[in-house]
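These notes are about the structure you will find just below.
The values are calculated or read from the model by the stated rules, or taken from the named source; none is laboratory data. Because the structure is a prediction, the values reported are computed rather than measured. Neighbour counts run over all protein chains shown; Cβ positions are idealised from the backbone, glycine included.
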């Protein structure tokens with residue numbers, strides 16, 4: 001029961017808080033939700049089926065998923081967030097761009 | 001089942017209300033069914049009802065993981081309308097509205113359908129033109145629709161904010177035959193009527209797996225044992241993708257998002273219509289229930305989620321929209337507030353279709369608009385399951401429409417599920 005109460009509290013009383021690697025921890029209302037970050041867009045000359053799958057079809061994970069958020073009212077960077085779609089718990093946040101991620105790691 | 005009629009009400013008034021029977025049975029699941037419908041919401045129960053009534057198939061099970069009325073059937077804002085424009089959609093929703101008009105008689109259950117008019121405000125000449133086009137298209141197809149100028153609107157709803165609204169109200173697009181119904185009554189009515197035609201409604205029965213043999217679905221594994229069905233229908237909006245993956249079918253053009261709704265304390269009669277306000281990023285719809293509470297809602301929570309609870313920024317957005325057009329409700333307190341999980345499809349339109357599995361049928365992707373659609377959804381889904389061929393109204397409501405480039409995008413919002421409000 002306490003686990004359920006804690007989950008309800010974490011999702012209703014507290015907002016989702018995203019630790020932006022550049023700006024620090026902020027309310028999710030500063031961010032705009034992008035969508036599924038696992039989508040790989042095919043080459044321009046790929047088949048119709050591949051493009052249909054990439055644009056229109058989603059795994060729609062119930063559990064932890066990689067997704068993009070745009071820090072619209074902050075640094076305006078696109079972030080990749082690993083978040084549970086059941087509890088909204090966030091495991092990790094990193095820049096979407098792999099080179100930026102490398103720079104962040106070098107700095108550490 | 002005891003029928004509801006004046007004589008039975010009178011008789012039970014004299015014998016201390018002891019003559020009523022259960023609304024529906026609580027059967028143990030059998031081993032075999034002709035049709036298994038997964039999902040005991042409005043759509044699943046309506047499907048079972050019309051399968052039994054229109055197609056004479058009675059060996060049907062409806063599997064519900066919780067209890068009847070505990071999912072999205074109990075989490076909506078009860079608005080019924082048919083102001084759709086695209087071919088297929090408008091005929092479908094108009095049929096649904098016509099079924100609503102006779103539903104209380106049909107089910108012998110008062111669904112409290114109230115055709116109080118759906119009043120959609122507009123705030124600019126451009127919006128007026130867009131509404132005129134949509135409502136004229138509806139009229140050409142036999143659906144009712146009107147444009148109200150400011151004078152008529154003020155006469156009908158005098159207490160909107162006509163004085164200092166940030167977006168001054170110019171008039172409204174109105175569908176007089178639209179309105180609301182009582183959500184619990186609708187789902188209980190369908191459950192009771194389906195049960196009386198022999199349908200087994202099996203509650204607390206969560207599907208845990210799907211077994212296939214030679215490509216077809218053979219057995220549904222549930223928390224109450226294995227059940228075999230010759231044909232299987234999915235009607236589990238919110239969790240369609242999970243079932244789809246259990247059946248080994250991969251991805252769907254659907255994302256699950258949550259939508260909040262709100263109820264205030266009861267007040268005296270205040271609002272006679274369903275009022276919709278949407279401009280400048282706001283989205284707000286409100287009506288007054290028969291108990292006197294104001295029932296209203298707004299946008300999705302803007303991120304994918306299976307949690308049946310809402311976030312705070314949307315509470316603020318909806319409250320701001322409420323104050324923008326109905327400042328007089330500012331001192332009311334909220335009594336209840338909840339969220340339901342929506343199947344948001346990639347073009348904002350639903351799916352009633354056959355699937356890659358020959359004995360599996362799909363009913364999904366209802367976005368915000370599943371409640372009003374439920375009678376027609378059951379009607380045409382039952383027709384598809386019984387006759388193996390989609391009715392012409394739903395011939396394009398299949399999963400291949402994206403590849404074929406015939407998306408049914410009423411809003412023109414593009415392939416982003418959260419934008420199809």
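Some values worked out for this structure:
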read-out: So residue B:251, is it within 14 Å of chain A (Cβ to nearest Cβ), in contact with a strand residue (DSSP E or B) (Cβ under 7 Å, 6 or more places away or on another chain) and surrounded by 23 or more Cβ atoms within 10 Å (Cβ to Cβ); value: no
read-out: Tally, over the range B:291-315, of residues that are in contact with a helix residue (DSSP H, G or I) (Cβ under 8 Å, 6 or more places away or on another chain), within 25 Å of residue B:182 (Cβ to Cβ) and surrounded by fewer than 19 Cβ atoms within 10 Å (Cβ to Cβ); value: 1
read-out: Residue B:191 vs. criteria buried (at least 20 other Cβ atoms within 10 Å of the Cβ) and in a helix (DSSP H, G or I); value: yes
read-out: Of the criteria (1) farther than 26 Å from residue B:310 by Cα; (2) crowded, with 16+ Cβ neighbours inside 10 Å; (3) in contact with a helix residue (DSSP H, G or I) (Cβ under 7 Å, 6 or more places away or on another chain); (4) away from chain B (no Cβ under 11 Å), which one residue A:96 fails; value: (3)
read-out: The range A:15-39, residues that are in a loop (DSSP other than H, G, I, E, B) and more than 12 Å from every other protein chain (Cβ to nearest Cβ); value: A:21, A:22, A:23
read-out: Number of the condition not met by residue B:220 [criteria: (1) buried (at least 24 other Cβ atoms within 10 Å of the Cβ); (2) modelled with pLDDT of 95 or more; (3) under 25 Å from the mean Cα position of the chain (by Cα)]; value: (3)
read-out: Identity of the residue in the range B:223-237, buried (at least 21 other Cβ atoms within 10 Å of the Cβ) and more than 20 Å from the chain's Cα centre (by Cα), that ends up nearest to the other protein chains (Cβ to nearest Cβ); value: B:232
read-out: Residue match in the range B:401-410 (condition: buried (at least 23 other Cβ atoms within 10 Å of the Cβ), touching a helix residue (DSSP H, G or I) at 6+ places or on another chain (Cβ under 7 Å) and either under 18 Å from residue B:93 (Cβ atoms) or in contact (Cβ under 8 Å) with a residue 40 or more places away in the chain (or both)); value: no
read-out: Selection count where residues are in a loop (DSSP other than H, G, I, E, B) and surrounded by fewer than 18 Cβ atoms within 10 Å (Cβ to Cβ), scope the range B:55-85; value: 7
read-out: Qualifying strands (runs of 3 or more DSSP E) (wholly inside the range B:238-323; at least 2 residues being over 19 Å from residue B:78 (Cα atoms) and under 18 Å from the mean Cα position of the chain (by Cα)); value: B:254-266
read-out: Some residue of the range B:361-384 being modelled with pLDDT of 95 or more, surrounded by 24 or more Cβ atoms within 10 Å (Cβ to Cβ) and assigned to a loop (DSSP other than H, G, I, E, B); value: yes
read-out: Qualifying residues in the range B:368-400 (those that are touching a residue at least 24 places away in the same chain (Cβ under 8 Å) and within 14 Å of another protein chain (Cβ to nearest Cβ)) - the one nearest to residue A:52 (Cα to Cα); value: B:399
read-out: Residue check, residue B:320 closer than 23 Å to residue B:153 by Cβ and either in contact (Cβ under 8 Å) with a residue 24 or more places away in the chain or within 12 Å of chain A (Cβ to nearest Cβ) (or both); value: yes
read-out: Count - residues of the range B:279-314 that are modelled with pLDDT of 90 or more and more than 14 Å from chain A (Cβ to nearest Cβ); value: 16
read-out: Among (1) in contact with a strand residue (DSSP E or B) (Cβ under 8 Å, 6 or more places away or on another chain); (2) closer than 24 Å to residue B:362 by Cα - the single one residue B:138 does not satisfy; value: (2)
read-out: Filter pass, residue A:60 being within 9 Å of chain B (Cβ to nearest Cβ) and in a loop (DSSP other than H, G, I, E, B); value: yes
read-out: Residue within the range B:331-350 that is part of a loop (DSSP other than H, G, I, E, B) and under 27 Å from residue B:55 (Cβ atoms) present; value: yes
read-out: Single residue of the range A:63-73 satisfying the filter (more than 10 Å from chain B (Cβ to nearest Cβ) and touching a strand residue (DSSP E or B) at 6+ places or on another chain (Cβ under 6 Å)) that is surrounded by the fewest Cβ atoms within 10 Å (Cβ to Cβ); value: A:72
